[in-house]
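Worksheet for the structure shown next.
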Amino acid sequence: DLVLFNDGQQVKYSITVVKSGSDPSATAQVRLSTLSQTEIDNESRYKGNNYVVLNSDCYTFRNKDISFESSDTYKIEEFTLNPEKITEQVEAEANANSIFILPIRLTSKTETWELIRKKKLLLKSKSP
């Protein structure tokens, strides 16, 4: 859970993206994105949780595209949350059971398969 203060300041967070696989010297190109509300609603493991995906104006990724060189083992990427926009969305869309989330997905830009099959709910905030 996360508590944000709507004091006019945007909040920066970092996420660590780790390169793994059978060849540690391999290069890789990946993309950070988020799941849509439709994807959350249609995935059986999220049903019944009252998840509401944050609108795209509530956050910004510093870099959506990440490149790993052969010597890289991980990258720390930053994203920014806009508490004012989150508050606006919560006030407009919330009911007593709403849980606002930012479901982040990591996909390969060079492969056709998804790097993370289990999408992680990185950020969730229960409505007031």
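The values are calculated or read from the model by the stated rules, or taken from the named source; none is laboratory data. These numbers come from a predicted model, not from an experiment. Cβ coordinates were reconstructed from backbone atoms using ideal geometry, including for glycine residues, and neighbour counts include every protein chain displayed.
Yes/no per residue for (1) of a type outside the set (A, V, I, L, M); (2) assigned to a loop (DSSP other than H, G, I, E, B); (3) closer than 21 Å to Asn97 by Cα; (4) in contact with an Asp or Glu (Cβ under 7 Å, 6 or more places away or on another chain):
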{"position": "Ser25", "(1), (2), (3), (4)": "yes, yes, no, no"}
{"position": "Asp41", "(1), (2), (3), (4)": "yes, no, yes, no"}
{"position": "Arg45", "(1), (2), (3), (4)": "yes, no, yes, no"}
{"position": "Lys75", "(1), (2), (3), (4)": "yes, no, no, no"}
Evaluate the following for Ile66: is it within 17 Å of the chain's Cα centre (by Cα) and not in a helix (DSSP H, G or I)? yes
I need every pair where a residue in segment 1-21 that is in contact (Cβ under 8 Å) with a residue 60 or more places away in the chain has its Cβ under 7 Å from the Cβ of a residue that is in a loop (DSSP other than H, G, I, E, B) and surrounded by 10 or more Cβ atoms within 10 Å (Cβ to Cβ), sequence separation at least 6 or different chains. Gln10/Asn82; Val11/Leu4
Among the residues of segment 1-49, which ones are surrounded by 12 or more Cβ atoms within 10 Å (Cβ to Cβ) and at pLDDT below 85? Leu2, Leu4, Asn6, Tyr46
